[in-house]
1. How about region 84-111: which of its residues are in contact (Cβ under 8 Å) with a residue 60 or more places away in the chain, closer than 17 Å to residue 3 by Cβ and part of a strand (DSSP E or B)?
2. Identify the residue in region 53-79 that is surrounded by 13 or more Cβ atoms within 10 Å (Cβ to Cβ) and not in a strand (DSSP E or B) and, among all such residues, is modelled with the lowest pLDDT.
3. For region 5-18, which residues satisfy the criterion of being over 12 Å from the mean Cα position of the chain (by Cα) and closer than 21 Å to residue 63 by Cβ?
4. Which residue is surrounded by the most Cβ atoms within 10 Å (Cβ to Cβ), if the candidates are limited to region 20-46 and must be more than 22 Å from residue 130 (Cα to Cα) and touching a residue at least 12 places away in the same chain (Cβ under 8 Å)?
């Protein structure tokens, strides 16, 4: 099993980042626009289309507002490993900053490297989208402090 663990700092409040992550049917608009080109929800399944053309069906396993954590598993689509479970969590770091933690477990191991590359690209887009210091966060452009 390949385990991918990423932890990045985003200059935005955990509440604002969680609002974007929590809106699980709007990934293409609020979290990773351009990297994800379409998102739809059918019951507890989120269908995500990536810019690469890959489509995944993700079972939403848990949404924990108190812990600011969402967990999901890939259950179908064009990219279908034997096992894929992931979670995203938003953790307060310091005033106005947050840690965005994304953990993925996948089998077979051969899926590890290509999924890690997708995760790294996704994180670049997520940081650019949500990080107010990049001037594109959910609150819009802000002055530097």
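The values are calculated or read from the model by the stated rules, or taken from the named source; none is laboratory data. In this text the structure is predicted, and so the values were computed from the model without any measurement. Please note: Cβ atoms are built from the backbone with ideal geometry, for glycine as well, and neighbour counts cover all protein chains shown.
1. 88, 101, 102, 103, 104, 105, 106, 107
2. Taking the candidates together, the pick is 79.
3. Our first condition is that a residue be over 12 Å from the mean Cα position of the chain (by Cα); within region 5-18, this holds for 5, 9-16.
Correct list: 5, 10, 12, 13, 14, 15, 16.
4. Kept after step one, since they are more than 22 Å from residue 130 (Cα to Cα), are these residues of region 20-46: 41-45.
With touching a residue at least 12 places away in the same chain (Cβ under 8 Å) added as a condition, the list becomes 41, 44-45.
Working: 41: 13, 44: 11, 45: 15.
Going through the qualifying residues, I end up with 45.
Conditions tested, residue by residue: (1) surrounded by 18 or more Cβ atoms within 10 Å (Cβ to Cβ); (2) modelled with pLDDT of 95 or more; (3) within 16 Å of residue 22 (Cα to Cα).
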position	(1), (2), (3)
51	no, yes, no
98	yes, yes, yes
101	no, yes, yes
104	yes, yes, no
108	no, no, no
111	yes, no, no
